[in-house]
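These notes are about the structure you will find just below.
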Amino acid sequence: MPRREPARGFGGARGSDNPMPDLLLLGGGHSHLAVLAAARHWPPSHRVTLVSPGPKTAYSGMVPGVIAGHYPADACLIDVERLSLCARARFICASAVALDPVRRTVRLHSGDTLGYDLVSIDVGATPRVSNDLVAAIEAGQCGELTVVPCKPFGLLIRRIGLFLADDNPRVSPLDVAVVGAGIAGIEVALALAHRLGDRTDASVRLLADGDRIASNQSAAVCAALERACADLGVEVIDHARVVALEPPGHLVLADG
């Protein structure tokens, strides 16, 4: 990679006391993994920093297979800390909470601040679930209230694995509801149905807030996905927009 002059923001932009340009990568997403792979061949005149909430991140394409039980959870984890070290990049285990584009700084959840010349954000989508609920789930404080947001994937995999573990007291009957019938929700529902296929006391429901699942796909794709759901016994419920969750595990729909 040819060395670029630091005149246009990537390098030297925050003063002559920073001769080494800082590339800051927020999140361990797929795009940033490609950047780290490329950074291994860059000259040592660039400083690259990756900020990620954990040392490992789940490869999203394998998550449904883990849920279905095709392979263990560790098989889908990517060691972003190790990849950073191989790319001669700094790795910081933290979450970014604020970005100041004028000062070119990022504030971390710890209160620390990082400067940058160029920042890239690849943190993925986040469900609109309260931070208090996520914290309670992670701490195992939900009791009878069993709810798991699909992201972060690590939390989803851990909770499903613990809930369906052989040494966990068996819940019977087991009613599973997947809220959201986009492609990701459909994959999760089908994976759970496969995992629970030998249980006659288990059911999986897929709740769509519109009149069909995968509403942004073509009619042919939608029909194929509906057949897949029917084949695995997934019950599709349309016009089911969830507005609240009440203990001990009741979903409240917009129509009451």
Leading residue by the ranking (modelled with the highest pLDDT) among those in segment 100-134 that are exposed (fewer than 14 other Cβ atoms within 10 Å of the Cβ) and hydrophobic (A, V, I, L, M, F, W, C): 102
Residue that is nearest to the chain's Cα centre (by Cα) [pool: residues in segment 235-256 that are over 15 Å from residue 180 (Cβ atoms) and in contact (Cβ under 8 Å) with a residue 40 or more places away in the chain]: 249
Residue 212 vs. criteria surrounded by 12 or more Cβ atoms within 10 Å (Cβ to Cβ), under 23 Å from residue 194 (Cβ atoms) and basic (Lys, Arg): yes
Members of segment 215-234 that are closer than 29 Å to residue 256 by Cβ, of a type outside the set (D, E, K, R) and either touching a residue at least 12 places away in the same chain (Cβ under 8 Å) or surrounded by 13 or more Cβ atoms within 10 Å (Cβ to Cβ) (or both): 215, 216, 222, 225, 229, 233, 234
Failed condition for residue 186, given (1) of a type in the set (A, V, I, L, M); (2) more than 24 Å from the chain's Cα centre (by Cα); (3) within 29 Å of residue 73 (Cβ to Cβ): (2)
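So that you can scan it fast, the table gives a plain yes or no per residue for (1) within 11 Å of residue 87 (Cβ to Cβ); (2) surrounded by fewer than 20 Cβ atoms within 10 Å (Cβ to Cβ):
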site: 21; (1), (2): no, no
site: 37; (1), (2): yes, yes
site: 43; (1), (2): no, yes
site: 48; (1), (2): yes, no
site: 53; (1), (2): no, yes
site: 57; (1), (2): no, no
site: 60; (1), (2): no, yes
site: 63; (1), (2): no, no
site: 67; (1), (2): no, no
Positions within segment 142-194 being of a type in the set (D, E, K, R) and surrounded by fewer than 20 Cβ atoms within 10 Å (Cβ to Cβ), in sequence order: 144, 151, 158, 159, 166, 167, 170, 175
Residues (surrounded by 14 or more Cβ atoms within 10 Å (Cβ to Cβ) and among the small types (Gly, Ala, Ser)) located in segment 235-248: 240
Residue check for residue 69: in contact (Cβ under 8 Å) with a residue 60 or more places away in the chain and either charged (D, E, K, R) or touching a Lys or Arg at 6+ places or on another chain (Cβ under 6 Å) (or both): yes
Filter result (among the hydroxyl-bearing types (Ser, Thr, Tyr), assigned to a strand (DSSP E or B) and free of Cβ contacts under 8 Å to residues at least 60 places away in the same chain) within segment 39-55: 52
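The values are calculated or read from the model by the stated rules, or taken from the named source; none is laboratory data. From a predicted model like this one, the values you see are computed outputs, not experimental measurements. Glycine also receives a Cβ, built like all others from the backbone with ideal geometry; neighbour counts cover every protein chain displayed.
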